[in-house]
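The structure under discussion appears below in the form of structure tokens.
Read the figures in this text as sums done on the coordinates, not as results from a lab. Every value quoted in this text rests on a predicted model; they were computed, and no experiment measured them. Positions of Cβ are generated from backbone atoms using ideal geometry, with glycine treated the same way; all protein chains shown enter the neighbour counts.
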Amino acid sequence: MTHDQTPTESVAEFAARARVWLADNMPPIDPDSPPAAPRDDGDAWKRARELQKRLYEGGFAGICFPREYGGLGLDYTYQKAFDDESLCYELPLILNIPTFTICCATLLDTGTEEQKKQHIAAALRGDEVLVQLLSEPSGGSDLAGVITRAERRGDRWVINGAKTWSTSAFAADYGLCLARTNWDVPKHEGLTMFLVPIDHPGITLRHITMLSGSTEFCEEFFDGVDVGDDAVVGEVNGGWAVASRQLYHERRAVGQGSEFASGSGSEGGNANPIDYVALLAKTGQADNERLREMAGRALVHRAVAEQLIEHVSRNVRDGVLPPAAGTLIRLFHAETVQVDVDTAVAVAGAAGVVGEAGDGLEAGLRYLVRQSVAIGGGTTEMARNVIGERVLGFPREYAADRGVPFNQVRHGKD
Ligand SMILES: Cc1cc2nc3c(=O)[nH]c(=O)nc-3n(C[C@H](O)[C@H](O)[C@H](O)COP(=O)(O)OP(=O)(O)OC[C@H]3O[C@@H](n4cnc5c(N)ncnc54)[C@H](O)[C@@H]3O)c2cc1C
């Protein structure tokens, strides 16, 4: 370990040291066309763990995580300086969401000292991948309505139920799993968050194949999964506070505004930004004024999204905006991606269905997953609800189950 920087090292000195270290230790890439790290590929995860280990050993892992949990304890300006320096190098970007920006960030806020020392440190060393086990087959937006149950048996907890849409769970070591521990109280009051080992013999995990062919999503069936009290994150029946924190971190992460993300480049393949100049040239339409205008509109969206991240993050940090304002970033990010994909499809036309990921003509492939940015991290509709109710102060939407004990709430067809 060479965590040898001092708290007095300036951002410029830190950046200079990072520049030298990156050149000596990390694989160089073309930032305009980074190598793909498909999230459904086991080798991509092995590679990410190995690169993370290098960062850790070099003293550049977890820049904004506290030192006692394996990080550097520095502020966001240092992370941003590192991100700028690292654009031309391969980084383990697939570890950012959800391991660092959501799961570790939530553990940092709500976990026990032991959980932080064990899991945040292990993740920063590249030894652990963490995922979120929140959504269920019965629905994801009404997260407080989960029906996976955890029952007390002696000094253990036994979990039964099912989770779904868990990004990258097949590659993970632990999952933050929200379960119901009390059915006699209103839905938000009877939940507990557990940190469960994914390889537990009681968990059956299956891949879900998406329209695009990707198999990164998983579903998990919990059949008598027993864990101890050390698996409880936060308070028993206080799981909603933990889940709320998780959603807060998720919205910021999905909106690209988390200080716990390391590296700001693209994950490659379909995640690479669309290069309109190349696309217009490839399709023989470089002089088409109308299409150039459309491409310009998409690029302006990107620029505004960048500025919004800066603006909202700063104002939340300074207390000018409430934490829920992170949702503004999340909402605009989804709109930006969708304007981008729609524009690419309009420019590429029929040619957009023949391309492979990353060849510039893959607009059709991107279109197949266009909707996911408006669903992951909570849907766009739920984001608008959050902004309406918790940023703008509009009245809360009607909920028939508010204040009603969960076992008296009507579900499905009853
Ligand atoms: C890319 C991606 C990654 C994901 N990763 C994970 C993960 O790692 N772990 C995990 O647990 N889940 C994950 N999910 C699942 C995601 O959290 C859920 O899909 C999402 O919360 C919506 O839940 P649902 O699909 O069950 O839709 P539902 O909740 O059934 O909603 C259906 C529709 O009704 C609308 N709706 C519902 N309630 C309201 C309301 N009150 N007001 C207005 N409209 C409403 C929704 O906006 C939506 O359009 C991921 C999803 C995607 C796309």
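Miscellaneous remarks
- Farthest toward the positive end of the dipole of the chain, out of Pro34, Cys218, Phe260, is the Cα of Cys218, where the dipole comes from beta carbon charges about the Cα centre.
- Taking 0.36 nm per residue of sequence separation and removing the Cα-Cα distance, the Arg156/Asp184 pair yields an extension gain of 8.0 nm.
- Length gained when the stretch Val236-Ala16 is fully extended (0.36 nm per residue, less Cα-Cα span): 74.6 nm
- Relative contact order %, the chain, counting alpha carbon pairs below 8 Å whose residues are six or more apart: 16 percent
- With both residues required to sit in the chain, DSSP beta bridges show an antiparallel share near 85%.
- Computed from Cα positions, the angle between helix 42-58 and the longest principal axis of the chain comes to roughly 90 degrees.
- Inter-part distance where region 143-180 and region 307-356 are each reduced to a Cα centre, Å: 31 Å
- Given 13 as the ceiling on other Cβ atoms within 10 Å, longest exposed-site-free region of the chain for GluC sites (Glu not before Pro) in DSSP loops: 1-234
- Per residue, the chain reaches -11000 deg cm²/dmol at 222 nm when only DSSP H runs of four or more residues are counted, each adding -39500 (n - 2.57).
- Footprinting exposure proxy for Cys218, Cys64, Cys88 (fewest neighbouring C-beta atoms within 10 Å first): Cys88, Cys64, Cys218
- Taking other residues whose beta carbon is less than 10 angstrom from the beta carbon of Arg39, and scoring Lys, Arg as +1 and Asp, Glu as -1, yields -4.
- Annotation: extensible slack from Arg290 through Glu356 equals 21.2 nm (criterion: 0.36 nm per residue apart, minus Cα-Cα distance).
- In this rough spin-label picture, where each label sits 7 Å from Cα along the Cβ direction, the Leu205-Val345 distance is 3.2 nm.
- Size of region 273-392 from its Cα atoms: along the principal axes, largest to smallest, the extents are 50, 24, 21 Å.
- Charge-dipole axis of the chain as Lys and Arg at +1 and Asp and Glu at -1 on Cβ define it, positive-most pick from Val337, His411, Val354: His411
- Positive-end residue, the chain charge dipole about Cα centroid, Cβ charges, pick of Thr192, Phe60, Pro395: Pro395
- D_trans [Stokes-Einstein, Kirkwood Rh over alpha-carbon pairs] for the chain, 10 °C, 1.306 mPa s, µm² s⁻¹: 70 µm²/s
- For region 1-71, the Kirkwood hydrodynamic radius from C-alpha pairs, put into Stokes-Einstein at 37 °C and a viscosity of 0.692 mPa s, yields a diffusion coefficient of 237 µm² per second.
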